[in-house]
Amino acid sequence: MTTQNENLRQLENTVEIVGTLKSKELEVKTSRAGNKYMSGKLVVSSKFDNKVQDQVIKVFIMASSKLFKGIETVKNEYRTIDADGVNAADRIRVTGEMKLNEYYNSQGKLVQFNEIKGVFFNRLDETNDQPDKAIASIETVVEGFVDKLDKDNLPTGEFKVNGFTVGFGNDVIELQNAVIGADLAASFMSLYQPGQTGRLTFKLNNYVLVEEQEVVEQAPSHGFGSTETIEANVIKDYVNNMEIIGGDMPLFAPKEYSVEEIAKAKQVRALKLQEMQQPAPPTPPTNTGFGQGVNTPPNTPPVNVDNQMPTNFGKDSMPDF
């Protein structure tokens, strides 16, 4: 049984993206403690299922890491569609892991979404015929299934799958938008009962769905000048989900997550959410010379290893590590 002081057992969590580098926003920064690191993001454009799928890949690598030289090469040498044109841009392969980004916005609403954290970056030469892909292989604790409804609140045959995985340092990663299609739902639910653990394969979808709707307009009886009749409205819908396309048989003891481990993971999640709602302790007032100084809350995200993104690491924050 997992005790209060024990670490949760880490589950396998691998993401692989192959496609053309669309854009890169990478910057070398220095923390307050004087440690250099690279942070930013890449956008990789992959073409599969007759769709263009743009995957955003977050980057955070300490200069002390063995991986830093590789990401420096990406920053300095890799060519992008936006900067160099589609014919000159590099095809790349990125491997990493799925993470959970969450925060309370200014209205006090909890915002949660999964994001890809890149770890290894490889440029593919022209002879490489590996097809584009955006795939995740994640050992998942399945918690349940919910009907996915259409705009009229009718079942579509698809299901939203609730589950989580566990990363380094007791990082409980909820899968926010995992779905399974009608063709696989029955088979999946016959194999996996709530509370079972298994390795699932996800296709990462992120594309624009364009739909044309005919518009019927009554012709005016009279008028003046030039007139135009709009025959169709173009409606854009954005598809962003983790679609289960396969999986192994459920794991059994001792590899499966036990009832005690699941309970511990839920405790860890509840504690993290509770801590996120608590205001940061104030710092002493700034000496502005007159009036009241502004208290700026400290930003001290914990860092576990060289290439682990700090918890609640913001775009404009200056970390203390």
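What are the equivalent ellipsoid semi-axes of the stretch 140-217, built from the alpha-carbon gyration tensor (square roots of five times its eigenvalues), in whole angstrom, biggest first?
Working: eigenvalues 183, 54, 23 Å².
After diagonalising the Cα gyration tensor, the semi-axes are 30, 16, 11 Å.
Using every alpha carbon pair in the stretch 44-104, what percent of pairs falls into each 10 Å bin from 0 up to the bin containing the largest distance?
The percentages, shortest bin first, are 16, 43, 31, 9, 0.
Got a sec? Charge dipole of the stretch 4-126, +1 on Cβ for Lys and Arg, -1 for Asp and Glu; which of Ser31, Gly19, Thr73 is way out at the positive end?
Ser31
Highest mean first, how do 245-255, 64-74, 147-157 rank when packing is the count of other Cβ atoms within 10 Å averaged over residues?
The most tightly packed comes first, giving 64-74, 245-255, 147-157.
In the calculated pair distance distribution of the stretch 45-189, what percentage of Cα-Cα distances lie above 28 Å?
Counting pairs separated by more than 28 Å, the tail of P(r) holds 36 percent.
Determine, for Val268, Val59, Val239, the number of other Cβ atoms within 10 Å of each Cβ, and report the residues in order from fewest to most.
Lowest to highest Cβ neighbour count: Val239, Val268, Val59.
Take each of the peptides 162-175, 29-42, average the number of other beta-carbon atoms within 10 Å over its residues, and list them starting from the highest.
162-175, 29-42
For the stretch 76-146, would you read off the P(r) tail past 14 Å as a percentage of all alpha carbon pairs?
75
State the Cα centre-to-centre distance between the stretch 15-67 and the stretch 79-147 in whole Å.
Answer, in whole Å: 9.
Can you compute the radius of gyration and Dmax for the stretch 1-52, using only the Cα atoms, both in Å?
That works out to 18.7, 49 Å for Rg and Dmax.
Name the shape class, rounded, prolate or oblate, that the alpha-carbon gyration tensor gives for the stretch 1-127, where a ≥ b ≥ c are the square roots of its eigenvalues, rounded holds for a/c under 1.5, and otherwise prolate holds if a/b is larger than b/c and oblate otherwise.
Prolate shape, in that a/c is at least 1.5 and a/b is the bigger ratio.
Laboratory data are not the source of any read-out in this text; all were calculated from the coordinates shown. None of the values given here were measured: they were computed from a predicted structure. Neighbour counts are summed over all protein chains in view; Cβ atoms, including those assigned to glycine, are modelled from backbone coordinates with ideal geometry.
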